[in-house]
1. Could you please find all residues in the stretch 101-115 being touching a Gly at 6+ places or on another chain (Cβ under 6 Å) and over 11 Å from residue 386 (Cβ atoms)?
2. Please verify whether the stretch 46-54 includes one or more residues that are touching a Ser or Thr at 6+ places or on another chain (Cβ under 9 Å), under 23 Å from residue 107 (Cβ atoms) and of a type in the set (Ser, Thr, Tyr).
3. Does the stretch 105-114 contain any residue that is within 22 Å of residue 35 (Cα to Cα), modelled with pLDDT of 95 or more and aliphatic (A, V, I, L, M)?
4. How about the stretch 16-39: which of its residues are surrounded by fewer than 16 Cβ atoms within 10 Å (Cβ to Cβ) and in a helix (DSSP H, G or I)?
5. Would you mind stating whether residue 316 is among the β-branched types (Val, Ile, Thr), modelled with pLDDT under 95 and either in contact with a strand residue (DSSP E or B) (Cβ under 7 Å, 6 or more places away or on another chain) or under 30 Å from residue 103 (Cα atoms) (or both)?
6. Yes or no: the stretch 273-289 includes at least one residue that is over 24 Å from residue 64 (Cα atoms), in contact (Cβ under 8 Å) with a residue 12 or more places away in the chain and in a loop (DSSP other than H, G, I, E, B).
7. Are any residues in the stretch 88-119 of a type in the set (Lys, Arg) and closer than 18 Å to residue 366 by Cα, and if so, which ones?
8. Could we say that residue 388 is part of a helix (DSSP H, G or I), surrounded by 23 or more Cβ atoms within 10 Å (Cβ to Cβ), under 20 Å from the mean Cα position of the chain (by Cα) and not hydroxyl-bearing (Ser, Thr, Tyr) here?
Amino acid sequence: MIQSLIDKYFYFLFLFTLTFGILLYDAIGFDYTDEICALVLFILFVYYMFNTEDWRINKAFLVTIGIFIFYICYSLYIQSNVKAGIFTDVVIQIKPYLAFFCVYSMAPYFNANRKEILKSVALIFWGFLLLVGIGDLFINRLIFDVMGHPAYFAAGVILTSLCYFYCSKFTFLDKITFIVLLSIGLLSGRSKFYGFFAMAIFVVIFFSNMKQFKLNFRNILLVIVMLAAVLFAAREKINFYFYQAVTEEVDKDMIARYVLYSTAPDVLKDYFPFGSGFASYGTYASGLYYSHVYVDYGIDGVWGMTKSYYSFIADTYYPSLAQFGVVGILLYITFWLYILRKAFLYYKKTGNIHYFTIITLIAGFFAIEGTTDSTFTTHRGFFTLMLLGMILGNMKEETKMLSETTESLKDESTSNQ
């Protein structure tokens, strides 16, 4: 059966990506792990599609591919960068959508045995991260040496914890264990993680216990308190990148992220409505194939954004949406609304608050990460969207099975009459 083959090979790919695309990505020093995993995933998806009678593919995926084709043509037309730069950026930008839609379309499922193995692997990896985190307190820059950056360490903690949480029974003990597993990420010292940790506590402890979410005073108050906790935890970065950006109390030549945020509105205005095109602003390809946009706006002398040293050009995500314009921003928001709407509709039909909780956490993770990191288009984003696609796919299949069971019972009742 085609689905059993997909389940088997996707499981191996999932474990491989978690191991070499997350935990050991920087340790092995091979930068193309996620590209290789993306290629294998796409081949697996094509095999699945051609072996289904109706050539099963998600309609939203087709729309997304159409949007990318339009932006490729648009970028070539306005000459946003050299062709090599444009197509390099296309590969980077399409990976997260490929990860989500391919997995969501195939809807792979891990049986109880595979979940137990994954849970054990996640705990072993977490133990490794615990040693690295504690070791960093005594050995200077150990997190940098092993994980490449504290942000990567924090992401590793989040993703291994989410894998454990996905494989758990979602009991109260599992929820507390998940929070405990997450807590070692505090050793990263990253404000973004503090914000995510605060959000995770509220979502897991309070919202996941609701039998049905209702928009009443209590729940509105909880949402306000949660947002306040997240903002308080990340207050230093908010002040640094947003308040100072508005008040212009910082030296533009010293802070690349500030420059990316403060210049993005001008790019959106001057290239309305479709933006400056692929490989033109705030992305790795725009630095590798140095974009004329930086020169046009006089920001090519900013430290970390120069032609000879562009390491900070792709250091955040939201400003890079300027290269897709106002339309691109709306499309990105639509993508997340599509996921959350699907998750909520499936939850309403199946009552699976376990999976809905994880999807909410992942959406919150990307919302926070996008402020000061390009996580969405990196190896970390690729794996996270694979996990997201699988969980939403599981909810879709549960909904389908529930509908089929209901229809079967109706037919049986009718025949008995």
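1. Matches in the stretch 101-115: 107 only.
2. Looking only at the stretch 46-54, we keep the residues that are touching a Ser or Thr at 6+ places or on another chain (Cβ under 9 Å), and these are 48-49.
Still in the list and also under 23 Å from residue 107 (Cβ atoms): 48-49.
Next, from what is left, pick out any that are of a type in the set (Ser, Thr, Tyr): 48.
Yes, the stretch 46-54 contains a residue that is touching a Ser or Thr at 6+ places or on another chain (Cβ under 9 Å), under 23 Å from residue 107 (Cβ atoms) and of a type in the set (Ser, Thr, Tyr).
3. Checked the stretch 105-114: no residue is within 22 Å of residue 35 (Cα to Cα), modelled with pLDDT of 95 or more and aliphatic (A, V, I, L, M).
4. Residues satisfying the conditions are 16, 19, 27, 28, 35, 36, 39.
5. yes
6. Checked the stretch 273-289: at least one residue is over 24 Å from residue 64 (Cα atoms), in contact (Cβ under 8 Å) with a residue 12 or more places away in the chain and in a loop (DSSP other than H, G, I, E, B).
7. Listed by number, the list holds a single entry, 95.
8. Judged against the criteria, residue 388 is a match.
The values are calculated or read from the model by the stated rules, or taken from the named source; none is laboratory data. These numbers come from a predicted model, not from an experiment. Cβ atoms come from the backbone with ideal geometry, glycine included; neighbour counts cover every protein chain shown.
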